[in-house]
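Contents: one structure, followed by commentary.
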Amino acid sequence: MSYETTLGRYILAVDDAIKKYLSDARIHPPLASAMEYSAMAGGKRLRPCLLLAANELAGGAIEAALPFAAAIEMIHTYSLIHDDLPAMDDDSLRRGKPTNHVVYGEGMAVLAGDGLLNYAMQIMLSAALEDESRKALRAASEIAERAGVWGMIAGQAEDLLAVNREPNEKALYYIHTHKTADMLVAALRAGGIIGGADDALLSALTVYGEKLGLAFQIQDDLLDLYGNAASLGKSTGKDEKENKLTFPALFGAERSMTMQGQYCREAADALSAYDSQFLATMAYRLSKRES
Ligand code: GRG
């Protein structure tokens, strides 16, 4: 099956699952609208696609992995809603649309983010309660750890503190590893666990995710410098203006491009022992992405 066909199949399944979860009548209706607004705003669905691809690579069927794919996208979406708030990055455009707080107000945007995070945990725990093999519990724990205070939230905290500080390589890798790569690694490992991956495959997926995360973030930094706001669907040029710690700020744009290509190749190499054409192609496509 071609890369595009597989990607389309994953995105359709994830979109359906997210819509189904958010249409639950027990969610406070105006809150559900604010949550759905961002969750269905046209994100690339990178993390859930990685999760589903790792699950299939490990030999799993899509059904058992779907709750986790929906959950990780909800967590990612919460992080974007909160990141866009005036107290953080103060952005008014995301995924080509006004940001959540611009449409629903700051208070409701905070709650929409809280709601997506908590609902994601609820969805994963409910799947774990049904699964005697404890694979779902392990996957839930993996996602909670890497999205939380050891992972993405820790990276975001360091990112907040790094503004206007002397550029420093250790802090840069800390931020990008935790803020960005941890969520990709969480998706890959959780998918692998649900699909029944052995330790060797889980280690290979981890290295792939770590390298892809760095490449993805370098591309994000480069797009902020050189990208087109219209195709990106968000503002550009902010990192430089706000003196943020980024790869181009520390290493220069040219070296950052070389490093980005190198990390992409290392990502694909990590899985060379497996039949993982989809994940290898994804690494290549992300290195060329414009949005
Ligand atoms: C608020 C706890 C908390 C964390 C925020 C995601 C994030 C952490 C900040 C957003 C800013 C940023 C550059 C994060 C790095 C990760 C990244 C490139 C996110 C954007 O992910 P995409 O490109 O977005 O997958 P779409 O919209 O396609 O889902």
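Select, from SER92, SER79, the only residue that is among the polar types (S, T, N, Q), surrounded by fewer than 22 Cβ atoms within 10 Å (Cβ to Cβ) and touching a strand residue (DSSP E or B) at 6+ places or on another chain (Cβ under 7 Å). Don't jump to the end; show me each part of the working.
On the way: SER79 fails: touching a strand residue (DSSP E or B) at 6+ places or on another chain (Cβ under 7 Å).
None of the others qualify; the one that does is SER92.
Name the pairs: first residue in segment 36-57 and in contact (Cβ under 8 Å) with a residue 60 or more places away in the chain and basic (Lys, Arg), second residue more than 8 Å from the ligand (Cβ to nearest atom) and assigned to a helix (DSSP H, G or I), Cβ to Cβ under 7 Å, at least 6 apart or on different chains?
So the pair list comes out as ARG47/ILE72; ARG47/LEU184; ARG47/ALA187.
Answer yes or no: is there a residue in segment 93-104 that is farther than 28 Å from LEU245 by Cβ, in contact (Cβ under 8 Å) with a residue 24 or more places away in the chain and in a helix (DSSP H, G or I).
Looking through segment 93-104, at least one residue is farther than 28 Å from LEU245 by Cβ, in contact (Cβ under 8 Å) with a residue 24 or more places away in the chain and in a helix (DSSP H, G or I).
Can you pull out every residue in segment 148-163 that is within 21 Å of the chain's Cα centre (by Cα), part of a helix (DSSP H, G or I) and among the hydrophobic types (A, V, I, L, M, F, W, C)? Walk me through it before giving the result.
Within segment 148-163, the first condition is being within 21 Å of the chain's Cα centre (by Cα), and the residues that meet it are 148-160.
Filter again for part of a helix (DSSP H, G or I), leaving 152-160.
Within segment 148-163, MET152, ILE153, ALA154, ALA157, LEU160 qualify.
Is it the case that ALA32 is within 25 Å of PHE278 (Cβ to Cβ), among the aliphatic types (A, V, I, L, M) and either free of Cβ contacts under 8 Å to residues at least 12 places away in the same chain or assigned to a helix (DSSP H, G or I) (or both)?
Values: within 25 Å of PHE278 (Cβ to Cβ): no; among the aliphatic types (A, V, I, L, M): yes; either free of Cβ contacts under 8 Å to residues at least 12 places away in the same chain or assigned to a helix (DSSP H, G or I) (or both): yes.
Judged against the criteria, ALA32 is not a match.
From the list GLU166, GLU145, GLU240, which residue is outside any helix (DSSP H, G or I), surrounded by fewer than 19 Cβ atoms within 10 Å (Cβ to Cβ) and not β-branched (Val, Ile, Thr)?
Working: GLU145 fails: outside any helix (DSSP H, G or I); GLU240 fails: outside any helix (DSSP H, G or I).
Every option except GLU166 fails the conditions.
Please determine, by comparing only the residues of segment 126-170 that are of a type in the set (S, T, N, Q) and out of contact with any Pro (no Cβ under 8 Å at 6 or more places or on another chain), which one is farthest from ALA69 (Cα to Cα). Please lay out each step first, then the result.
The first filter runs over segment 126-170 and keeps only residues of a type in the set (S, T, N, Q), leaving 126, 133, 141, 156, 164, 168.
Narrowing further to those that are out of contact with any Pro (no Cβ under 8 Å at 6 or more places or on another chain): 133, 141, 156, 164, 168.
On the way: SER133: 19, SER141: 14, GLN156: 22, ASN164: 36, ASN168: 34 Å.
Selected residue: ASN164.
Looking at LYS97 and the list (1) within 17 Å of the chain's Cα centre (by Cα); (2) more than 10 Å from the ligand (Cβ to nearest atom), which single condition is not satisfied?
If we test LYS97 against (1) within 17 Å of the chain's Cα centre (by Cα); (2) more than 10 Å from the ligand (Cβ to nearest atom), just (1) comes out false.
Tally the residues that are over 28 Å from VAL207 (Cβ atoms) and of a type outside the set (Phe, Trp, Tyr), restricting the search to segment 226-272.
To start, the set of residues in segment 226-272 that are over 28 Å from VAL207 (Cβ atoms) comprises 226, 228-238, 240-243.
Still in the list and also of a type outside the set (Phe, Trp, Tyr): 228-238, 240-243.
Looking only at that region, the number is 15.
Okay, residues lined up against (1) modelled with pLDDT of 95 or more; (2) of a type in the set (Val, Ile, Thr):
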{"residue": "LEU137", "(1), (2)": "yes, no"}
{"residue": "SER141", "(1), (2)": "yes, no"}
{"residue": "GLU169", "(1), (2)": "no, no"}
{"residue": "ILE193", "(1), (2)": "yes, yes"}
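Would you be able to tell me the number of residues in segment 40-69 that are within 16 Å of the ligand (Cβ to nearest atom), among the hydrophobic types (A, V, I, L, M, F, W, C) and surrounded by fewer than 24 Cβ atoms within 10 Å (Cβ to Cβ)? Walk me through it before giving the result.
Taking segment 40-69 as the starting set, the residues that turn out to be within 16 Å of the ligand (Cβ to nearest atom) are 40-53, 69.
From what's left, among the hydrophobic types (A, V, I, L, M, F, W, C): 40-41, 46, 49-53, 69.
Right, trim to surrounded by fewer than 24 Cβ atoms within 10 Å (Cβ to Cβ) and you get 40-41, 46.
Residues in segment 40-69 being within 16 Å of the ligand (Cβ to nearest atom), among the hydrophobic types (A, V, I, L, M, F, W, C) and surrounded by fewer than 24 Cβ atoms within 10 Å (Cβ to Cβ): 3 in total.
All but one of (1) in a helix (DSSP H, G or I); (2) farther than 30 Å from PRO98 by Cβ hold for GLN217; which doesn't?
Among (1) in a helix (DSSP H, G or I); (2) farther than 30 Å from PRO98 by Cβ, the lone unmet condition for GLN217 is (2).
Would you mind finding the one in ALA204, ALA154, ALA147 that is of a type in the set (A, V, I, L, M), out of contact with any strand residue (DSSP E or B) (no Cβ under 6 Å at 6 or more places or on another chain) and more than 13 Å from the ligand (Cβ to nearest atom)?
Details: ALA154 fails: more than 13 Å from the ligand (Cβ to nearest atom); ALA147 fails: more than 13 Å from the ligand (Cβ to nearest atom).
Among ALA204, ALA154, ALA147, only ALA204 is of a type in the set (A, V, I, L, M), out of contact with any strand residue (DSSP E or B) (no Cβ under 6 Å at 6 or more places or on another chain) and more than 13 Å from the ligand (Cβ to nearest atom).
Could you list, in sequence order, all residues of segment 235-251 that are in contact with a helix residue (DSSP H, G or I) (Cβ under 6 Å, 6 or more places away or on another chain) and either of a type in the set (D, E, K, R) or more than 22 Å from SER291 (Cβ to Cβ) (or both)?
Those that are in contact with a helix residue (DSSP H, G or I) (Cβ under 6 Å, 6 or more places away or on another chain) and either of a type in the set (D, E, K, R) or more than 22 Å from SER291 (Cβ to Cβ) (or both): ASP239, LEU245, LEU250.
The values are calculated or read from the model by the stated rules, or taken from the named source; none is laboratory data. From a predicted model like this one, the values you see are computed outputs, not experimental measurements. Please note: Cβ atoms are built from the backbone with ideal geometry, for glycine as well, and neighbour counts cover all protein chains shown.
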